[in-house]
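S.K.: Could you have a look at this structure, given as structure tokens, before my questions?
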Amino acid sequence: MKIVTTREFRNGTKAFFELAENERVSIKRGRKFVNLIVTEDPEDVFLDKKWIVAFLAIPEQYRCNPFDISPSGDIFWADKRNVEHLAKAIESAEKEKKDGTMKRLESREDIDKLLGL
């Protein structure tokens, strides 16, 4: 992997773009890194090791493709239990709204009670 500064990148942009086709190139910008990734499709998604470890930590029977639900692929959406819980909560809220039984939070005390404060 090649790590360069923003100044080096600015002075040799074309060379670093070409280099990125054959090896990893990261541009150090302060404390952060910008990685150059070369693809033929702008829709390609790249995952880091932390995401893969978190995905594999979800029991296999509960895993689903988070990109089917969220374009970001947030790991929260990779767990069917989370998706099902939110679907039930939304369905329940819609039913309460339709029935007119939805409680309205009208005071600070109502909000504190809801949040368990």
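We did not get these values from a lab; they are worked out from the coordinates using the rules stated. Please read all numbers here as calculations on a predicted model, not as lab measurements. Using ideal geometry, Cβ is built from the backbone for each residue, glycine included, and neighbour counts are taken over all protein chains shown.
S.K.: Looking only at segment 45-63, which residues have a backbone nitrogen under 15 Å from a spot 7 Å from the Cα of residue 35 in the C-beta direction?
M.R.: 45-54
S.K.: Quick check on the chain: helices-only [θ] at 222 nm, where DSSP H runs of length 4 and up contribute -39,500 (n - 2.57) each and the sum goes over total residues. Nearest 500, please.
M.R.: So the helix-based figure for the chain works out to -13000 deg cm²/dmol.
S.K.: Calculate how many DSSP beta bridges within the chain are antiparallel, expressed in % of all such bridges and rounded to the nearest 5.
M.R.: If I count the DSSP bridges inside the chain, around 60 percent turn out antiparallel.
S.K.: Measuring from label point to label point, each 7 Å out along Cα→Cβ, what is the residue 43 to residue 111 span in nm?
M.R.: Placing both labels 7 Å beyond Cα along the Cβ direction yields 4.2 nm.
S.K.: Pairwise over distinct Cα atoms, reciprocal of the mean inverse distance: report the Kirkwood radius of segment 49-115 in Å, one decimal place.
M.R.: After inverting the mean inverse Cα-Cα distance, the result is 14.3 Å.
S.K.: Let me ask you something else. What list of ³J(HN,Hα) couplings, whole Hz, do you get for segment 33-41 from phi and the Karplus terms 6.51, -1.76, 1.60, once you set θ to phi - 60° and write x for glycine and proline?
M.R.: 10, 10, 9, 8, 10, 9, 9, 9, 10
S.K.: If you take the charge dipole of the chain about its Cα centre, with +1 on Lys and Arg Cβ and -1 on Asp and Glu Cβ, which of 102, 86, 72 is farthest toward its positive end?
M.R.: 72
S.K.: Can you give me the distance in nm between label points at residue 10 and residue 52, each placed 7 Å from the Cα along the Cα-to-Cβ direction?
M.R.: Simple spin-label model gives 3.5 nm for this pair.
S.K.: Let me ask another. Taking the Cα centre of each part, how many Å lie between segment 11-54 and segment 55-117?
M.R.: Answer, in whole Å: 34.
S.K.: Under a Cβ-only charge scheme (Lys and Arg +1, Asp and Glu -1), can you give me the dipole magnitude of the chain about the Cα centre, in debye to the nearest 20?
M.R.: That gives a dipole near 680 debye.
S.K.: Sticking with this structure for a sec: Mind giving me the nanometre distance, one decimal, between the label points for residue 72 and residue 3, set 7 Å out from Cα along Cα→Cβ?
M.R.: 2.7
S.K.: Over the chain, consider all pairs of different Cα atoms and compute the Kirkwood hydrodynamic radius from their mean reciprocal separation; express it in Å, one decimal.
M.R.: Hydrodynamic radius (Kirkwood, Cα only) of the chain equals 18.9 Å.
S.K.: I would also like to ask the following. Give 50/80; 2/49; 32/80 a once-over and call out the pairs whose C-alpha atoms are over 24 Å from each other.
M.R.: 32/80
S.K.: Which of the GluC sites (Glu not before Pro) found in segment 27-117 are in a DSSP loop and have at most 11 neighbouring Cβ atoms, other than their own, within 10 Å?
M.R.: Answer in residue order: 40, 43, 106.
S.K.: How high is the relative contact order of the chain, in percent, with contacts defined as C-alpha pairs under 8 Å that are six or more residues apart?
M.R.: Value for the chain: 13 percent.
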